1. When the range 170-203 is examined, which residues are found to be assigned to a loop (DSSP other than H, G, I, E, B) and of a type outside the set (S, T, N, Q)?
2. Considering the range 570-606 alone, what residues qualify as being in contact with a Lys or Arg (Cβ under 6 Å, 6 or more places away or on another chain) and over 30 Å from G511 (Cα atoms)?
3. Residue pairs, Cβ under 7 Å, 6 or more apart or interchain, first in the range 45-60 and at pLDDT 90 or above, second crowded, with 24+ Cβ neighbours inside 10 Å and among the acidic types (D, E). List them.
4. Can you find a residue that is surrounded by fewer than 17 Cβ atoms within 10 Å (Cβ to Cβ), in contact (Cβ under 8 Å) with a residue 12 or more places away in the chain and touching a Lys or Arg at 6+ places or on another chain (Cβ under 8 Å) anywhere in the range 538-558?
5. Residues in the range 236-244: is at least one at pLDDT below 95, surrounded by 14 or more Cβ atoms within 10 Å (Cβ to Cβ), part of a loop (DSSP other than H, G, I, E, B) and in the same structural domain as I309 (by TED's automatic domain parsing)?
6. Only one residue in T300, T308 is touching a residue at least 60 places away in the same chain (Cβ under 8 Å) and in the same structural domain as T352 (by TED's automatic domain parsing). Which one?
7. State all residues of the range 674-703 that are buried (at least 24 other Cβ atoms within 10 Å of the Cβ), in contact with an Asp or Glu (Cβ under 9 Å, 6 or more places away or on another chain) and in a loop (DSSP other than H, G, I, E, B); if no residue qualifies, say none.
8. Tell me the strands (runs of 3 or more DSSP E) entirely within the range 64-143 that contain at least 3 residues that are over 27 Å from the mean Cα position of the chain (by Cα).
Amino acid sequence: MKRVKVSVAFFVLFSIYLTSCFLGCNSGGGDGQSHIPSSDVGSSFDDVVTAQIFFNAPLSDELGQVPNMTMNEKGDVVQVHRSNDHFTLWVRRGKVTSNGSLEWLGGSQQYDPGGKWPSVAMVYSSDPAVYGRMIEMHTTNDLNKGYMWYHLGHFDGDGVYFWNSHKLEEGYNPDVSMSDDLYIVSIHKSQDEDVLWTKCGIYHTTAYPTATWSSSVKYTPGICPSISIIPTVTDPEKEGYVVEVHESQHDDNYLYYNVGRVDKTNGTIHWPNEPMRFPFDNKGTNPDVVVSNSGYVIETHQSQDDGTIWYHIGLIDFDNYTVTWGPSRKYDNGVTPTVAANKDFAVQLHKTQGNNDYTLWYSTGMTIGHFGWMEQMRDLIGDKPLYEITLPATHDAGMYMFQHPYIIVDSYSGFEKVTKSCVANFTQTQDQTLYSQLTGGVRYFDLRPAVHDGVHYIIHSLAGPKVEDVFSDIGKFMSECANQGFGELVIVVLSHFYNYTEPMDFESLGGYIDSYLGSYLYEVNDPQNADLLKTTFNHFTQKGEPKILLLVEKGDYDSWKESTGSNIPYGIWPYQKMNINSQPDSVTGNMHIIDDYADSHTPDIMINDQINKLIQSGGGNEKRLFLLSWTLTAPDSADWWIDRCAYKESPHNLFQLNQEVKNKLRPNLIEYYKHYKINFLYTDFYSFDATPDLAILMNMGRL
């Protein structure tokens, strides 16, 4: 029996993103080799409704289509795909390192002369008896008859090995998964009709590996299936559970899922329920699924309407054979995504949207909960002062929505020449509420309050949400932290006050603070002698006792104090916003922050400006904190606004503008974070920059 050796040479790169296919469905995420922890660096995914994965900016270095991947507990990654211009099949091996970078170990190598819809699975465990065992499955490229074929193989330090392919039976779009006891489950579509079939088998670790198969079983109508099995069989109560996802056989693009359990006595999968439609956003195409030992599920799919890619996080209900799902969340543009995961990281791969672009993109994200990440890192950061800690931060954090009809509170000189809706395109800075940002791990918020017709809003030229709603979100999160025993530290910065001219304006704002945030404000008996910069995380918080450090820019603080006769609510601290050349003023609590943005819409200018200021200032220290403002800003130029609003020149909004720099944040952090302390990673649309994960890795010294 012949085997094909795919050699592996060392090659470096990092992160994993979306995928695509034109001859049929993506074959799915394959092996289901995820091991998302119930508690690791951060809190768990117990609340899947709030759980998020932040994929880093995507990278690419090869062409292909219909990719599929698998991953084990050590971070070994194997991906397969079809050639961009032929039916040849290719394989590539990589490894996700401790800092979340994906390093490809050599380029892709051909392993089969003809096929389509490849799927790959390997065992999750690092046990030497089974480590590196793999199975690959695909459909022949015969246009008249669809036969499924499979390769058995393994990898070691020298390369990836596949033995000869074996014909299995007729069928299309196969997807395969394998548990650590070498039990194989697969799902495929009939070649004649839109009906799905399942098939089980066993991988035998003989000198030349073989597999034995049970008969295929007709399952349900549908197309584009993916399947995943619980990988490690240490828990008898969870052994053999599988999750499958597929698209409706009709043209309605509804996504369905089901939970079953392997019956090894007869080689079948028992499905107690009929397939169930996804809740929330339940349409899409080319779904892919991976499931962990604990029963956490990650599902990815392509939008049915456009070239965007989305994911769900879920948790298996083992008693009722269902999944509790969180909402569908967008994470990039592209088509036919595939996903794999282990206890630390998820990797995703996709193809560029477009019939003539076969670029494959990849990225990684951390498979941890972000809800209570600071509490979970208390042993690491507890005794560190504030100036030695890095926090993810959001610029104009409240600008995730606008009041309708639009209310202009402050304007650029060119605004009168363009529509308010166009202004909104370039002043919306976030796409999540404060509560979602908090559950996503953000711990520093830039909020700009204004009074308009007696109503308090958060603003960025236009009026956004009401102050009351934003503070209510923060209070809700703090209450949940206290109930769950998470002593998180949240820094809320109020600056750029607009139209606060009367004592009652400040008194109303103080009332909202007292009502929603008052019980969580950080206070000390002797504020005049406090030094917030040198205060440790443990002194700010204790387990189960979350705190808010509420800061007001010194000028606004002084106005508040003067307007109300020094009647400022207890627990509000002044701070000095500095540029790199500022001299420190005396402020209660000794809170000084270098917050000196580039004020540019040009990526290179912004990046050079911020890096130079980091180097010139020396970063954060015991005298002041450093905020890295990784933000591009629309210029105060009427011509620039007219070009975008009237003539529709690109970029069309602030999100598109900031996409130009998101893939440059991580490389710069890697280069500079060990030499200069960056206290706040300050971004727009934070989830697309993965700033919570970057901050966590920086605090761990692992970036």
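1. Looking only at the range 170-203, we keep the residues that are assigned to a loop (DSSP other than H, G, I, E, B), and these are 171, 179-182, 190-194.
Listed by number, the residues that qualify are G171, D180, D181, L182, D192, E193, D194.
2. Those that are in contact with a Lys or Arg (Cβ under 6 Å, 6 or more places away or on another chain) and over 30 Å from G511 (Cα atoms): I580, D596.
3. Cβ pairs passing all conditions: F54/D693.
4. Yes: the range 538-558 contains one or more residues that are surrounded by fewer than 17 Cβ atoms within 10 Å (Cβ to Cβ), in contact (Cβ under 8 Å) with a residue 12 or more places away in the chain and touching a Lys or Arg at 6+ places or on another chain (Cβ under 8 Å).
5. Within the range 236-244, the first condition is being at pLDDT below 95, and the residues that meet it are 236-239.
Applying the additional criterion that residues be surrounded by 14 or more Cβ atoms within 10 Å (Cβ to Cβ) yields 238-239.
With part of a loop (DSSP other than H, G, I, E, B) added as a condition, the list becomes 238-239.
Those left that are additionally in the same structural domain as I309 (by TED's automatic domain parsing): 238-239.
Yes, that holds for at least one residue.
6. Numbers: T308 fails: touching a residue at least 60 places away in the same chain (Cβ under 8 Å).
So the residue among T300, T308 that is touching a residue at least 60 places away in the same chain (Cβ under 8 Å) and in the same structural domain as T352 (by TED's automatic domain parsing) is T300.
7. N679, D684
8. Output list reads 109-112, 133-139.
The values are calculated or read from the model by the stated rules, or taken from the named source; none is laboratory data. Values in this document were obtained by computation on a predicted structure and should not be read as measured data. Please note: Cβ atoms are built from the backbone with ideal geometry, for glycine as well, and neighbour counts cover all protein chains shown.
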